[in-house]
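Below is one structure, written out as structure tokens; the observations come after it.
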Amino acid sequence: MSKIILTGDRPTGRLHLGHYVGSLRRRVELQNQGGFDDIFIMIADAQALTDNADNPEKVRQNIIQVALDYLSAGLDPAKVHIFIQSMVPQLTELTFYYMNLVTVQRLKRNPTVKQEIKLRGFSESDDGADNKAGTPVGFFCYPISQAADITAFKATTVPVGEDQEPMIEQCREIVRKFNSVYGPTLVEPEILLPENAACMRLPGTDGKAKMSKSLGNCIYLSDSEEEVTRKVKGMFTDPGHLQVSDPGKVEGNTVFTYLDAFCKPEHFQKFDSCFVGKKASFSFSSLDEAKAQYRAGGLGDMMLKNFLAAILNEILEPIRARRAELEKDIPGVWKTLREGTEAAVKVAQATLDDVRKAMRIDYFNDSELTGIK
Ligand code: TRP
């Protein structure tokens, strides 16, 4: 069986470091390892509209931003198809058929849907007693549309963050249900989670659970060197670490969570000057050594922050440089999207043909039914 990847992002803003460690970096590795027969990366504009119906302009403007982030992070259109969800109408048709295989009750139990309804402040009551705006039906159903996204490409592998786990589980249920009712047609996908625990959930710079644009706690891939340094300097550390000489806490300390995600032993050699100070200097060869020193006291937040900023800027520098190049040819980026979308439409149409045939609603191809020779 072919090995196929499908994944994507909602174009509601530029992509940030959370996206990078949670999925983007991995996608680039997977693309370069060459272990997959096809890779589809989707800009999920239709899904973004499920809770931005009144702001299509935001979604529209961010399509090119996300495409620039993808390409500058190293996704290569020669190896992956990058496409726009709403320009593949086959996905909408599949969604409509799959809707009949899912109950309202099951959707309501989807933990991600539940959490996102809370997050967006949509009403959770059925009679409007809480005086909140209701949940848009399209938003409520987006797990079904996501199952259409995945199955349209017969994806075997979906690399996403752990928050998407309930979506993949729901997709697998839809596949099993479809195949048992209409005969084997669709492929059950596997989730591919990030490897390292710190990457699973990179917190915001304020220490809050998630980077989110509305919280203003993100470091964007397109941030300048100065912005990155400024954001790192303002990062949440250990509020009990008042004096450099005090013992500090590593757990829950955002700077260390980021170092867990990004720091490699060679960084200590490369950026050893960050640990040279007026009062004290250190020479570490691993993050464990730095953590031990921080716990014992004497290692200041500023040194660690300078070190982290150096690491992040080293990672982001080539991404920024590629973005600057790509920005000189925006029509070229749109062409890439158009070509990726054309490829996606072909594959999705083939799956839709299979689906209609399995459901026996491909009426005009059925000469037994129509008598047309
Ligand atoms: N829900 C994903 C996000 O919020 C985007 C997405 C839409 C997706 N369809 C998908 C991801 C299918 C993986 C597979 O980022």
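Scanning segment 96-138 for residues that are open to solvent by 80 Å² or more (accessible area, probe 1.4 Å) and under 14 Å from I174 (Cβ atoms) yields F96, N100. Could you tell me which residue of segment 1-12 is nearest to the chain's Cα centre (by Cα), considering only residues that are within 11 Å of the ligand (Cβ to nearest atom) and either among the β-branched types (V, I, T) or open to solvent by less than 10 Å² (accessible area, probe 1.4 Å) (or both)? Looking at residues that are within 11 Å of the ligand (Cβ to nearest atom) and either among the β-branched types (V, I, T) or open to solvent by less than 10 Å² (accessible area, probe 1.4 Å) (or both), I get T7.
Conditions (1) within 15 Å of the ligand (Cβ to nearest atom); (2) β-branched (V, I, T); (3) not assigned by TED's automatic domain parsing to the domain that holds V333, marked per residue:
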position	(1), (2), (3)
V21	yes, yes, no
R26	yes, no, no
E29	no, no, no
I41	yes, yes, no
D54	no, no, no
V66	yes, yes, no
D69	yes, no, no
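Checking the stated criteria, A78 turns out to be free of Cβ contacts under 8 Å to residues at least 24 places away in the same chain, away from the ligand (no atom under 12 Å from the Cβ) and more than 17 Å from K213 (Cα to Cα). Here E314, E289, E226 are screened, and the one residue that is at pLDDT 95 or above, open to solvent by 40 Å² or more (accessible area, probe 1.4 Å) and within 24 Å of S23 (Cβ to Cβ) is E314.
Listed by position, the helices (runs of 4 or more DSSP H) inside segment 295-373 whose residues that are more than 29 Å from V228 (Cβ to Cβ) number at least 2 are 330-359, 367-370. Identify, please: which residue in segment 172-192 is more than 18 Å from the chain's Cα centre (by Cα) and within 13 Å of the ligand (Cβ to nearest atom) and is, among those, nearest to C141 (Cα to Cα)? This residue is I174.
Table: residues versus (1) buried (at least 20 other Cβ atoms within 10 Å of the Cβ); (2) of a type in the set (D, E, K, R).
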residue: H19; (1), (2): yes, no
residue: N32; (1), (2): no, no
residue: G35; (1), (2): no, no
residue: A44; (1), (2): yes, no
residue: N52; (1), (2): no, no
residue: K58; (1), (2): no, yes
residue: L68; (1), (2): yes, no
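Pairs meeting the criteria (first residue in segment 1-28 and more than 25 Å from K154 (Cα to Cα), second residue within 10 Å of the ligand (Cβ to nearest atom), beta carbons under 6 Å, at least 6 apart or on different chains) are T12/A48. The condition of being over 26 Å from I84 (Cβ atoms) and within 15 Å of the ligand (Cβ to nearest atom) holds for only one of E116, E195, E124, E169, that being E169. Scanning segment 127-148 for residues that are farther than 30 Å from E188 by Cβ and in contact with a Ser or Thr (Cβ under 9 Å, 6 or more places away or on another chain) yields A129, D130, N131, K132, A133, G134. Scanning segment 146-160 for residues that are in contact with a Pro (Cβ under 7 Å, 6 or more places away or on another chain) and within 8 Å of the ligand (Cβ to nearest atom) turns up I150, A155, V158. Within segment 168-207, which residues are at pLDDT 90 or above, open to solvent by less than 10 Å² (accessible area, probe 1.4 Å) and not aromatic (F, W, Y)? Across segment 168-207, the qualifying residues are I168, Q170, C171, I174, V175, P189, G204. Total residues in segment 43-52 satisfying the condition of being out of contact with any strand residue (DSSP E or B) (no Cβ under 8 Å at 6 or more places or on another chain) and more than 9 Å from the ligand (Cβ to nearest atom): the figure is 4. Scanning segment 124-163 for residues that are closer than 20 Å to L49 by Cα, among the polar types (S, T, N, Q) and within 19 Å of the chain's Cα centre (by Cα) returns S145, Q146.
The values are calculated or read from the model by the stated rules, or taken from the named source; none is laboratory data. Everything numeric in this text was worked out from a predicted model, so none of it was measured. When we count neighbours, we look across all protein chains shown, and the Cβ atoms used for this are built from the backbone with ideal geometry, even at glycine. With ligands, DNA and RNA removed, areas are computed over all heavy atoms of the protein, side chains included. Shrake-Rupley method; radii C 1.70, N 1.55, O 1.52, S 1.80 Å.
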